[in-house]
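Single-structure report; data block below.
The values are calculated or read from the model by the stated rules, or taken from the named source; none is laboratory data. Note that this is a predicted model, so its numbers are computed, not measured. Here the Cβ positions follow ideal geometry from the backbone for every residue, glycine too, while neighbour counts run over all protein chains shown. What goes into the accessible areas is simple: the full protein's heavy atoms, side chains included, and nothing from ligands, DNA or RNA. Shrake-Rupley method; radii C 1.70, N 1.55, O 1.52, S 1.80 Å.
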Amino acid sequence: MHFTGGYLTTSIGKKLLVAISGLLILGFVILHMVGNLQIFSGPEKLNAYAKFLKDLGPLLWLARIGLIVFAIVHIVLTIQLTRENRKARPNSYVYMKTVQASSASRFMILSGLTILSFIIYHLLHFTLGVTNPEYAQLSFELNGERVHDVYAMVVNGFTNPIVSGFYILSMGLLCWHISHGVSSLFQTLGITNAKNNKTIQQIATSTAGLIFIGNISIPITILAGIIK
């Protein structure tokens, strides 16, 4: 325990925890997107998926709480590492290596905090029904059983341009974050080298791009009236 606790307080240990928590969050984001894209298959498909998740009971809430914990750990350790780096070189450089430090890496903390606020709002909006309690009354007949109409809830929610705009902005920042985070993950794990660096950057950018397109396609098609 002493070794583990001591190691996790080091810069390398913190970077490893940032990488692991980031990887777990990325996995959740991809699975969540794949599930949500079932909205394009119609209300029966999406509501069946939503019922499957609801039937998981405590396991689903464990996953949700875990997501928030991972996000907080990820952000807190990123802030600590940033402060430690600044203390290590208190005299500001005239030239801060802007070419090497991408815009994504320079705003990782800001984007991370925005993403965390989005996760909390998303739970309050669609999961807990705090912002729109009327959504709890929506129902759908699925194989002879009345279930919560998640399809109608999502459509109603994203019909609001402000909600859709915040969602799209958050997805943009999330994927901006991912584009830097995936490459940093490989670097932390010691996989990145001069030969594969370009390939890893392409993987990071492609992953972020696919997640962005997949997620924002839902509010955009709802606002355009394609999904009703």
Cα-based reach from LYS14 at 20 Å (exclusive), listing lysines while leaving out same-chain residues under 8 positions away = LYS87
Cα Rg, Dmax, segment 114-228, angstrom units = 18.3, 59
request  = For the chain, return all DSSP H helices satisfying: extent of Cα atoms along own axis at least 30 Å; mean Kyte-Doolittle hydropathy at least 0.5.
outcome  = 11-36, 58-88, 161-188, 197-223
ask   = Which value, in debye to the nearest 20, gives the size of the charge dipole of the chain about its Cα centre, when Lys and Arg are +1 and Asp and Glu are -1 at the Cβ?
value = 1100 debye
inquiry  = Less than 13 Å from a label point 7 Å out along the Cα-to-Cβ axis of TRP61: which backbone N atoms in segment 120-150 qualify, by residue?
reply    = 128
remark   = Dividing the mean separation of Cα pairs under 8 Å (6+ apart) by the residue count of segment 147-228 yields a relative contact order in percent of 45 percent
ask   = How much length is gained if the chain between LEU81 and VAL147 is pulled fully straight, taking 0.36 nm per residue apart and subtracting their Cα-Cα distance, in nm to one decimal?
value = 19.2 nm
task = Might you tell me the accessible area per residue for the chain, computed with a 1.4 Å probe and given in Å²?
result = 60 Å²
key: Set of aspartates and glutamates near LYS228 by C-alpha distance (under 15 Å), chain-local residues within fewer than 8 positions excluded   = GLU44, ASP149
query = How many nm is it between the label spots at LEU128 and THR10, if each spot is 7 Å from the Cα in line with the beta carbon?
reply = 3.9 nm
query = For segment 50-82 and segment 156-228, what is the separation of their Cα centres, given in Å?
reply = 18 Å
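Calculated from DSSP H runs of 4 or more alone, at -39500 (n - 2.57) each and per residue, what is the 222 nm mean residue ellipticity of the chain, nearest 500?
On the way: 9 runs with 159 residues, N = 228.
Counting only the DSSP helices, I get -23500 deg cm²/dmol.
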key: Contour minus Cα-Cα distance for LEU138 and LEU110 (0.36 nm per residue)   = 6.5 nm
